[in-house]
Amino acid sequence: MRISVEIKDDIFWVGALDWSVRDFHGYSTMKGTTYNAYLVKDDKVTLFDTVKKPFKGDLLHCIYKVVEPSKIDYLVVNHVEPDHSGALPEIMEAIKPEKLFCSPRGKKALLEHYHREDWPYEVVPSGSEISLGKRTVQFLETRMVHWPDSMFSYLKEDRVLISSDAFGQHWATTERFNDEVPGGELMQHAAKYYANILLPYSGLIQKLIAEVQKMDLKIDMICPDHGLIWRENPLQIVAAYDAWTRQISKRKAVIVFDSMWNSTATMAKAICDGLAEEGVAAKMMDLRVDHRSDVMTEVMDARAVIAGSSTLNNNMLPRMADMLTYMKGLRPQNKIAAAFGSFGWSGESVRMITKTLEEMKFKVINPGVSLQYVPAHEGLRQCVELGRDIARAVKAEG
Amino acid sequence: MQKYTCQVCGYVYDPALGDPDNGIAPGTSFDQLPDDWVCPVCGADKASFEPE
Ligand SMILES: [Fe+2]
Ligand SMILES: [Fe+2]
């Protein structure tokens, strides 16, 4: 879709649709994504953000539908990550703006990405305002939501919040507004995005939400840099974030595992039986088919994580090492945990997984189950017991 | 002197280096940092730091 969309009087979406991306630095984007940029026509024509480098043509195409690119006076960089600034060198060339607005950290990051001392940087402290003519833009620094350089731009008179990566979703659609797509699917994409991008910064986001509430910003529309614009009941996504920052969990356990010859997979099934017997919902995530980023979406609202791997060459399986490294970085909080796995002759995996779970400050409430070769009835009974034990701990927390 | 790590972004405050960009001279211990000092990378407050 290379058309501009007027989202409010003289405010245009001019971004790019990436239908084909399936791996976004390790996050599976099975339905692609969008890189949103916004163009405001006023005395000072202003472009907010750009797109990923290969899409610079799409961006220019959309801009041309509104104005001649050289007519753009101001460029605002809310976030320096290359999915939003990759096209910047070419776009700077095409529009030669009078000013390039960014946060203090943004200038530093831009210099460290593009090494251009000659660009007309205008560093804007948090809370400062600029006038575009009829409109006022207020900038709000949002450090580590999700990079040090990140900021929001708020169009006061229009009550439009351009929120950079916050409130986004990786989902390519020709629809531009939340009320044009099924709400359930949209929230799923938004949850996956939060779990995989923003989860480690939950504490800061909680503070940010409180700060914005104190400022009492009037918001008619939230325009993120990925996915759909929140037009109908835009505060629903703020409420969802508020819950996600608190990492409120459900009576739910995630059993995540990898298996060589299905012994560990059989153990996983028995653990699932134990949870089900106790009436606790369980999600089986088989790393041979499930992606790490989908596992994280399930982990986010789960109260327990049970991780299993066979032992391979005195180690856990590499897919489990990948999963745990990724999970550790995203810092999920308040999880009950245990490990399990089958082995041939040495059996290090359960101990190694347990150690990592403890490093993540998970509450390991059970030493785990480690079984040799193919589990028999007695071994599987231990697995069912493990499931029940976890289930009781899950229920004890409410 | 004890180094402290920001639990938000991983920045390490090293007293030997201080934080000259924000007026903190080398040799300033973590305890001596003013209460309103924040992580120079991510802006987290002092309470977000833990001994390395
Ligand atoms: Fe980003
Ligand atoms: Fe992004």
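Chain A and chain B together bury an accessible surface of about 700 square angstrom, both sides counted, with a 1.4 Å probe and no ligands or nucleic acids included.
Per-residue Karplus couplings for region A:182-188, computed as 6.51 cos²θ - 1.76 cosθ + 1.60 with θ equal to phi - 60°, are listed in order as x, x, x, 5, 4, 5, 4 Hz, Gly and Pro entered as x.
Please tell me the relative contact order of chain B in percent, rounded to the nearest whole number, where contacts are Cα pairs under 8 Å and at least six residues apart.
Details: 83 pairs, mean separation 21.6, N = 52.
In percent, rounded to a whole number, it is 42.
Were the residues from residue A:395 through residue A:90 laid out at 0.36 nm apart, the gain over their Cα-Cα distance would be 104.2 nm. Candidate cross-link partners of residue A:269 among the aspartates and glutamates, defined by an alpha-carbon separation under 18 Å and a same-chain spacing of 8 or more, comprise A:258, A:277, A:278, A:286, A:290, A:298, A:378, A:385, A:389. Placing +1 on each Lys and Arg Cβ and -1 on each Asp and Glu Cβ, with no other charges, gives the protein assembly as shown a dipole about its Cα centre of roughly 1000 debye. The distance separating the Cα centre of region A:219-293 from that of region B:1-51 comes to 35 Å. A 1.4 Å probe, protein heavy atoms only, puts the accessible area of residue A:98 near 90 Å².
When only Cα pairs under 8 Å and 6 or more residues apart are kept, what is the percent relative contact order across region A:5-245?
Working: 502 pairs, mean separation 40.3, N = 241.
This gives 17 percent for region A:5-245.
Which of the pairs A:52/A:207; A:214/B:46; A:192/A:335; A:335/B:3; A:207/A:283 have their Cα atoms more than 25 Å apart in this structure? Pairs exceeding 25 Å: A:52/A:207; A:335/B:3; A:207/A:283. Would you calculate, for chain A, the mean residue ellipticity at 222 nm contributed by helices, counting each DSSP H stretch of 4 or more residues as -39,500 (n - 2.57) and dividing by all residues, to the nearest 500? So the calculated ellipticity at 222 nm is -10500 deg cm²/dmol. Under the convention that each Lys and Arg Cβ holds +1 and each Asp and Glu Cβ holds -1, the size of the dipole of region A:5-245 around its Cα centre is about 240 debye.
First measure r as the distance between the Cβ atoms of residue A:129 and residue A:213, then evaluate 1/(1 + (r/R0)^6) with R0 = 22 Å and state the FRET efficiency to the nearest 0.05.
Numbers: r = 20 Å, r/R0 = 0.89.
Efficiency at R0 = 22 Å is approximately 0.65.
Counting only protein heavy atoms and using a 1.4 Å probe, what share of the accessible area of region A:5-245 belongs to carbon plus sulfur, as a whole percent? That share works out to 51 percent. Exactly which trypsin sites (Lys or Arg not before Pro) in region A:137-196 are in a DSSP loop and have at most 16 other Cβ atoms within 10 Å? Answer in residue order: A:156, A:159. Sorted from greatest to least, the principal axis extents spanned by the alpha carbons of the protein assembly as shown come out as 77, 57, 40 Å.
Would you mind counting up the charge near residue A:117? Only other residues with Cβ under 14 Å from its Cβ, with Lys and Arg at +1 and Asp and Glu at -1.
On the way: positive: A:107, A:108, A:116; negative: A:112, A:118.
That sum, taken over residues with Cβ under 14 Å, equals +1.
Tell me the volume per residue, in Å³, of the convex hull enclosing the alpha carbons of region A:145-248. Working shown, then result.
Working: hull volume 10.2 nm³, N = 104.
Measuring per residue, one finds 98 Å³ for the Cα hull of region A:145-248.
Indicate the gyration tensor shape class of region A:35-87 (rounded, prolate or oblate), computed on the Cα atoms with a ≥ b ≥ c the square roots of the eigenvalues: a/c under 1.5 is rounded; otherwise a/b larger than b/c is prolate and the rest oblate.
On the way: a/c = 2.45, a/b = 1.39, b/c = 1.76.
Taking the square roots of the gyration eigenvalues as a ≥ b ≥ c, region A:35-87 is oblate.
Within region A:301-389, report the GluC sites (Glu not before Pro) that DSSP leaves as loop and that have at most 11 other Cβ atoms within 10 Å. Each step should come with its number before you reach the end.
On the way: sites: A:348, A:358, A:359, A:378, A:385; in loops: A:348.
Loop-located and lightly packed - none at all.
Among rounded, prolate and oblate, which fits region A:7-124 when a ≥ b ≥ c are the square roots of the eigenvalues of its C-alpha gyration tensor, a/c under 1.5 means rounded, and a/b larger than b/c means prolate? Taking the square roots of the gyration eigenvalues as a ≥ b ≥ c, region A:7-124 is oblate.
Calculate how many DSSP beta bridges within region A:5-245 are antiparallel, expressed in % of all such bridges and rounded to the nearest 5. Intermediate results must be reported in sequence, preceding the final value.
On the way: 26 of 39 bridges.
So the antiparallel bridges in region A:5-245 amount to around 65 percent.
Think of region A:5-245 as having a plus end and a minus end, set by charges on the Cβ of Lys, Arg, Asp and Glu; of A:160, A:241, A:186, A:241 sits farthest toward the positive end of this dipole. The GluC sites (Glu not before Pro) found in region A:136-219 that occupy coil by DSSP, while having at most 15 further C-beta atoms within 10 Å, are A:157, A:175.
Largest first, the residues B:12, A:374, A:66 sort by 1.4 Å accessible area into A:374, B:12, A:66. Rolling a 1.4 Å probe over the protein chains gives residue A:269 an accessible area of about 130 Å². Using a probe of 1.4 angstrom and keeping all protein chains present, the accessible surface of the protein assembly as shown works out to 42 square angstrom per residue.
Expressed as a rounded percentage, what relative contact order does region A:16-120 have, with Cα pairs under 8 Å and six or more residues apart? Please report the intermediate quantities before stating the final value.
Working: 169 pairs, mean separation 23.0, N = 105.
It rounds to 22 percent for region A:16-120.
Net charge of the neighbourhood of residue A:292, taken over other residues with C-beta under 13 Å away and scored Lys/Arg +1, Asp/Glu -1, is -3.
Taking 18 Å as the straight-line reach from the Cα of residue A:41, the lysines in range (excluding those fewer than 8 positions away in the same chain) are A:8, A:65, A:71, A:96, A:99, A:134, A:156.
Of all the stretches in chain A, which is the longest one without any exposed loop site, taking chymotrypsin sites (Phe, Trp or Tyr not before Pro) in a DSSP loop (any state but H, G, I, E, B) with at most 15 other Cβ atoms within 10 Å? Walk me through the numbers before you get to the answer.
Details: sites that count: A:19, A:261, A:345, A:373.
In short, A:20-260.
In the assembled protein chains, residue A:2 presents an accessible area of approximately 110 Å² (probe radius 1.4 Å).
The values are calculated or read from the model by the stated rules, or taken from the named source; none is laboratory data. Since this is a predicted model, take the numbers as computed values, not measurements. Neighbour counts run over all protein chains shown; Cβ positions are idealised from the backbone, glycine included. Side chains are part of the model used for accessible areas, which takes the heavy atoms of the whole protein and leaves out ligands, DNA and RNA. Shrake-Rupley method; radii C 1.70, N 1.55, O 1.52, S 1.80 Å.
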